[in-house]
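Please read the structure below before turning to the comments.
The values are calculated or read from the model by the stated rules, or taken from the named source; none is laboratory data. Fair warning: this is a prediction, and the values are worked out from it, not measured in the lab. Cβ placement follows ideal geometry from the backbone for every residue including glycine, while neighbour counts extend to all protein chains displayed.
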Amino acid sequence: MERMFRRALASLDEVFNFMDEALAACGSDPASAYAVNFAVEEFFTNMVKYEPEGDHGVSISVEREANRLTVRMVDTGVRPFDVTNAPAADLSASLKERPVGGLGIHISRELLDSVTYEYGEGQSTITFVKTLET
Amino acid sequence: MFGITVGDDGEIHLSGRFDASRVEQAEAVFNRVTATCRVDFSDLQYISSAGLGVLLKTQKRLSASGKSLILIHMNKLVRDVFHIARFDLVFQIDDGQNPPLKMS
């Protein structure tokens, strides 16, 4: 399943509705669905924040092959931003020193099997894989 | 749908999906908290990094005056995310089965 979304935080409800539909169609277990939704929200909000003025949409596709879910998010007309190169968050820092941001990409990577990033001709593509638990 | 309500005893109740589009709505409540307070997660299905950020920011502010948020009744999926974030190091997380831990 694939759908295009307007580049705005307000699109999140539509994104989640689509993901609920796609994940149900793929027969996802609840834990894998949580992981995939968490990562989709993280990458989508990053795309919105990074290029808020862009008037093009973000496309999201979800596919299942055997017991693996593959999600692909394509963002066009943007500069490169490699999420797989984001620095690891310092999770052992004390409460006072812990930064409020920077956590989401780290958690997404932990929840997923793999995350890859490709860039070419103004188009960023994030592809990630999650093996279903059941 | 996301919901946030405050009970007569000051306990905060979260429900539904706490995502990046609900940060403002949640901050309107969390920014007013000045005392140690329990946050009930029993009806919260999902929290994203944006939601975690609101909680962490509140915890940092409260800790300056020796106060804290106590998080109760989290479902397993939400709890797993807290664990990966190592938020179990900065929050008291109570499953409701045990007596409250000693406050630090």
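Numerical summary
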item: Test: residue in the range B:64-78 that is more than 10 Å from every other protein chain (Cβ to nearest Cβ), among the small types (Gly, Ala, Ser) and surrounded by fewer than 17 Cβ atoms within 10 Å (Cβ to Cβ); result: yes
item: Residue among B:Asp19, B:Asp43 that is in contact with a strand residue (DSSP E or B) (Cβ under 9 Å, 6 or more places away or on another chain), more than 10 Å from chain A (Cβ to nearest Cβ) and at pLDDT 95 or above; result: B:Asp43
item: Residue in the range B:46-63 that is in contact (Cβ under 8 Å) with a residue 24 or more places away in the chain, within 9 Å of another protein chain (Cβ to nearest Cβ), crowded, with 16+ Cβ neighbours inside 10 Å and among the aromatic types (Phe, Trp, Tyr) present; result: yes
item: Failed condition for A:Gly120, given (1) surrounded by 13 or more Cβ atoms within 10 Å (Cβ to Cβ); (2) more than 9 Å from chain B (Cβ to nearest Cβ); (3) farther than 30 Å from A:Glu133 by Cα; result: (1)
item: Residue under evaluation A:Glu42, criteria (1) within 14 Å of chain B (Cβ to nearest Cβ); (2) modelled with pLDDT of 95 or more; (3) touching a strand residue (DSSP E or B) at 6+ places or on another chain (Cβ under 7 Å), criterion not met; result: (3)
item: Per-region count, the range A:76-86, residues under 15 Å from A:Glu42 (Cα atoms) and in a loop (DSSP other than H, G, I, E, B); result: 3
item: Within the range A:1-57, considering residues that are of a type in the set (D, E, K, R) and in a helix (DSSP H, G or I), the one surrounded by the fewest Cβ atoms within 10 Å (Cβ to Cβ); result: A:Lys49
item: Tally, over the range B:1-26, of residues that are over 19 Å from B:Phe82 (Cα atoms) and not in a strand (DSSP E or B); result: 9
item: Lone qualifier among A:Ser94, A:Ser124, A:Ser108 - being out of contact with any strand residue (DSSP E or B) (no Cβ under 8 Å at 6 or more places or on another chain) and among the polar types (S, T, N, Q); result: A:Ser94
item: Total residues in the range B:27-53, condition of a type outside the set (Val, Ile, Thr) and either assigned to a loop (DSSP other than H, G, I, E, B) or more than 26 Å from A:Pro30 (Cβ to Cβ) (or both); result: 8
item: Cβ-Cβ under 8 Å pairs, at least 6 apart or on other chains, the range A:110-127 side free of Cβ contacts under 8 Å to residues at least 40 places away in the same chain, far side part of a loop (DSSP other than H, G, I, E, B); result: A:Tyr117/A:Asp82; A:Tyr119/A:Pro80; A:Tyr119/A:Asp82
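Residue-wise test of (1) out of contact with any Leu (no Cβ under 8 Å at 6 or more places or on another chain); (2) away from chain B (no Cβ under 12 Å); (3) crowded, with 16+ Cβ neighbours inside 10 Å.
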{"position": "A:Met73", "(1), (2), (3)": "yes, yes, yes"}
{"position": "A:Val83", "(1), (2), (3)": "yes, yes, yes"}
{"position": "A:Pro87", "(1), (2), (3)": "yes, yes, no"}
{"position": "A:Ser94", "(1), (2), (3)": "yes, no, no"}
{"position": "A:Ile105", "(1), (2), (3)": "yes, no, yes"}
{"position": "A:Arg109", "(1), (2), (3)": "yes, no, yes"}
